[in-house]
C-alpha cells in the first residue's frame with residue numbers, strides 16, 4: 001500500500017514539474033524553473049523509493065507514464081488550451097489499457 005501512495009505522490013510531482021516547465025516559458029521564468037526542478041527531484045526520489053520497496057520497474061514506470069500522460073494532456077488542455085482531440089483521448093485510453101494489462105499480467 002505504501003508503494004502505491006509514494007508512486008501517486010511521485011506522479012503528481014512529475015506532472016506538476018512538467019506543467020511548471022510549460023509555465024516557465026523555456027525555463028526563463030525563475031519561480032517556474034524552481035518548481036520544475038523541485039517537481040522532478042521529488043518525483044524521481046519517490047520513484048527510487050518505490051522501486052527499493054519492491055515494486056517491479058515495469059509496473060511502476062508503466063503506471064507513472066500512463067497517468068502522467070493523461071493528467072498532463074488534460075491539464076495542459078484546461079490551463080493553456082493545448083489540443084486534446086478524440087484521437088488523442090483514444091491514444092491515452094489505449095496507453096492506460098495497456099498498462100492495466102501489464103499490471104494484471106503480473107499476478
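Here are a few things to note about the model shown:
- Here residue 78 clears all of (1) out of contact with any helix residue (DSSP H, G or I) (no Cβ under 8 Å at 6 or more places or on another chain); (2) in contact (Cβ under 8 Å) with a residue 24 or more places away in the chain except the condition numbered (2).
- Filter result for residue 31 (more than 13 Å from the chain's Cα centre (by Cα) and outside any helix (DSSP H, G or I)): no
- Residue within the stretch 64-74 that is surrounded by fewer than 17 Cβ atoms within 10 Å (Cβ to Cβ), over 13 Å from the mean Cα position of the chain (by Cα), assigned to a helix (DSSP H, G or I) and without any contact (Cβ under 8 Å) to a residue 12 or more places away in the chain present: no
- Residues that are touching a residue at least 24 places away in the same chain (Cβ under 8 Å) and either under 16 Å from residue 14 (Cβ atoms) or surrounded by 14 or more Cβ atoms within 10 Å (Cβ to Cβ) (or both), drawn from the stretch 46-59: 46, 47, 49, 50, 55, 59
Each value in this text was obtained by applying a stated rule to the coordinates, not by laboratory testing. These figures come from a predicted structure and were not determined experimentally. Here the Cβ is made from the backbone with ideal geometry for all residues, glycine too, and neighbour counts use every protein chain on show.
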